[in-house]
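Any read-out appearing in this document is the output of simple, stated calculations on the displayed coordinates, not a laboratory observation. What you are looking at is a predicted structure, and each value in this text was computed from that prediction instead of being measured. In this analysis, Cβ positions are derived from the backbone assuming ideal geometry, glycine residues included, and neighbour counts consider all displayed protein chains.
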Amino acid sequence: MQCAHPYLQGWVRSADGAPLNGVTVQWQYWNNTEHAISGDPQYVWQDGEFKFTYYAQNPHTETDFVIQVVESAGNPAPLSELLVIHYAGCGTMGQITNIVFKQR
């Protein structure tokens, strides 16, 4: 499997399915925390979309990816349940797509 550009990608949507821009998504992995803003045109192509690219020192190392919607990077109060994805290393998995956070 190609380990050059593994990434996580998904969308934040309203209860009726419309894309939501400006929502902070937090990702925790390998003792790191990153944030993405849904619909940020500098990083994504579609409204409501978010994306994280990861470059691990050893991309074959297993870990749990923990993703959730939060208030902001400066105030990471949770606004969604945790999504935990067990990452088995890029030999088994690379791109993880179609993650959807939807308002209730």
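Scanning residues 5 or more positions from residue 79 or on other chains, those with amide H under 5 Å from its amide H are 69, 70, 71, with H placed 1.01 Å from N in the peptide plane. What you get for the chain, charging only the Cβ of Lys and Arg (+1) and of Asp and Glu (-1), is a dipole of about 100 debye around the Cα centre. Stretching the chain fully between residue 82 and residue 102 yields a gain of 5.9 nm (0.36 nm per residue, less the alpha carbon separation).
Projecting label points 7 angstrom from Cα along Cα→Cβ for residue 47 and residue 7 puts them 2.1 nm apart. Between residue 30 and residue 18, the contour length at 0.36 nm per residue exceeds the Cα-Cα span by 1.1 nm.
Annotation: amide H of residue 99 within the under-5 Å range of 9, 10, 11, sequence separation 5 or more or interchain, hydrogens built in the peptide plane.
Whole-Hz Karplus values for the stretch 8-25 come out as 10, 8, x, 9, 10, 10, 6, 4, 8, x, 6, x, 10, 9, x, 9, 8, 10 Hz, taken residue by residue from phi with 6.51 cos²θ - 1.76 cosθ + 1.60 and θ = phi - 60°; glycine and proline positions read x.
Note on residue 95 and residue 66: the extension gain reaches 8.9 nm, defined as 0.36 nm multiplied by sequence separation minus the Cα-Cα distance. Contact order, relative form, for the chain: 37 percent (alpha carbon pairs under 8 Å, 6 or more residues apart, mean separation divided by residue count). Distant-in-sequence amide contacts of residue 30, defined by a placed amide H-H separation under 5 Å and a gap of 5 or more residues or a different chain, comprise 64.
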